Every structure is written in C-alpha cells, then in structure tokens.
Amino acid sequence: MQILLATFTTLFSVVNPFSAMPVFLTLTDAESQRERTSVALRACTYMVCILTIAYFGGQYVLNFFGININHLRIAGGILLMRAAFELLTPGANRDRVGPAALAESRLKDDISFVPLAMPMLSGPGSMAVCIGLIRPTVPDKLFTVLGFMLVAAASFAILVSSLRLTKLLGRPGMAALARIMGFITLAIGVNFFASAVGALFPGLTR
C-alpha cells in the first residue's frame with residue numbers, strides 16, 4: 001500500500017492533468033459531453049499503456065545504451081526541475097503543445113493519443129519518473145502499475161470535469177494551482193537529483 005501511495009503522489013504532480021484541461025477543452029469545444037468523456041477515457045487508457053511500457057521496457061533500454069539508473073534519475077530530476085520552474089514563473093511558456101501542433105490537432109479525427117495521451121499526460125518527465133520507480137519484486141511492480149491506473153483514474157475525472165473546474169477556479173485559481181503543482185514537481189525533481197547524486201557519490205552525503 002505504501003508503494004501504491006508513493007507512486008500515485010509522485011506521478012500525479014508530474015502528469016499534472018490540470019495543465020491538460022485548456023488543450024482538452026479547446027480541442028473538444030464542438031463535441032458533446034458524452035464525446036468528451038469518450039476522448040478522456042481513451043487518452044487515460046493510452047497513458048497507462050505508455051507509462052507501463054516505459055516502466056517495464058525502460059530498464060532494457062538503459063542496459064542497451066549502458067546507462068546507469070542513477071544517471072537517468074539525475075537527467076529526470078533536471079527535466080522535472082526545468083518543467084517546475086516554468087510552472088512557477090509568471091508569464092512563462094507553460095504549454096506542452098505549441099500553437100502549430102495545436103492547430104494540426106484540430107484537423108485530427110481522434111486527439112486522444114496525440115496530443116492528449118502523449119505528450120500532455122505522459123511526456124518525457126513522466127516516463128523518466130516511471131523508469132526511476134523500478135521495483136525489485138513482482139508484487140511491488142504490480143502495485144506500481146496499479147498506481148499508474150490510479151493516476152489515470154484521477155486524470156480522467158479531472159478532464160471530464162474540466163469545464164466545471166475552469167469556471168469554478170477561473171484564471172487566478174488556475175494560476176495558483178499551476179504554481180502549487182510546480183512547487184511539488186520541483187521538490188520531486190530535487191529529490192530525484194539528490195538521491196541519485198548521493199548513490200553515485202556516497203562521500204558527499206557523509
């Protein structure tokens with residue numbers, strides 16, 4: 001249960017489904033609530049598949065390229081800290097999808113995989129976190145994947161309720177929420193970076 005909660009709390013702030021709400025509403029503005037629910041369900045299902053593949057296949061990719069897991073955690077920590085600073089900085093570019101990609105996505109029949117599932121919900125930072133969460137035993141791995149599913153369920157609920165949440169919070173509320181998520185993401189990135197450096201250079205932590 002501890003692994004399940006740790007996976008959920010770590011991954012949820014990195015996935016940050018709140019940041020996907022504006023894009024989701026923009027790309028589904030002409031669709032009914034039922035169609036939006038269907039798109040959100042497919043996107044979150046794809047997200048679980050992507051994160052699970054990254055989780056189980058990431059170690060083999062690292063071994064193939066001769067990359068130590070702690071090296072990945074350092075790189076992932078830097079990536080998370082960079083993303084967190086963008087959320088914390090007023091006026092910074094917080095969009096995970098650029099204007100050109102957004103315009104192209106409007107022409108697609110199905111936007112649940114790209115850009116919603118990837119890169120909005122399961123981008124490089126989320127994948128790096130998943131690989132960094134690798135567990136030694138089968139039960140621990142199953143609890144970790146179950147944590148992915150919980151994050152997907154929470155993301156689904158947020159996307160389905162995005163119209164009501166946007167009206168309820170307004171611009172000030174969304175900005176405050178972005179900074180809160182950014183601060184949590186920054187702490188996770190620092191933890192990833194510091195723990196990996198400590199593992200590579202034990203003398204520094206003494």
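Values quoted throughout were computed directly from the atomic coordinates according to the rules given, and no laboratory measurement underlies them. All values reported here derive from a predicted model rather than from experimental measurement. Please note: Cβ atoms are built from the backbone with ideal geometry, for glycine as well, and neighbour counts cover all protein chains shown.
Scanning the stretch 167-183 for residues that are under 16 Å from L25 (Cβ atoms) and out of contact with any helix residue (DSSP H, G or I) (no Cβ under 6 Å at 6 or more places or on another chain) yields K167, L168, L169, G170, R171, G173, M174. Tell me yes or no: at least one residue of the stretch 66-85 is over 19 Å from the mean Cα position of the chain (by Cα), of a type in the set (A, V, I, L, M, F, W, C) and under 23 Å from T144 (Cβ atoms). Yes, the stretch 66-85 contains at least one residue that is over 19 Å from the mean Cα position of the chain (by Cα), of a type in the set (A, V, I, L, M, F, W, C) and under 23 Å from T144 (Cβ atoms).
Residues that are among the hydroxyl-bearing types (S, T, Y), over 17 Å from the mean Cα position of the chain (by Cα) and over 30 Å from I67 (Cα atoms) occur at least once in the stretch 165-181. Every test in (1) more than 14 Å from the chain's Cα centre (by Cα); (2) closer than 19 Å to A20 by Cβ; (3) of a type in the set (V, I, T) is passed by T185 save one, and that test is (1). As for the stretch 130-146, it holds at least one residue that is closer than 23 Å to L62 by Cβ, touching a Lys or Arg at 6+ places or on another chain (Cβ under 6 Å), small (G, A, S) and buried (at least 17 other Cβ atoms within 10 Å of the Cβ).
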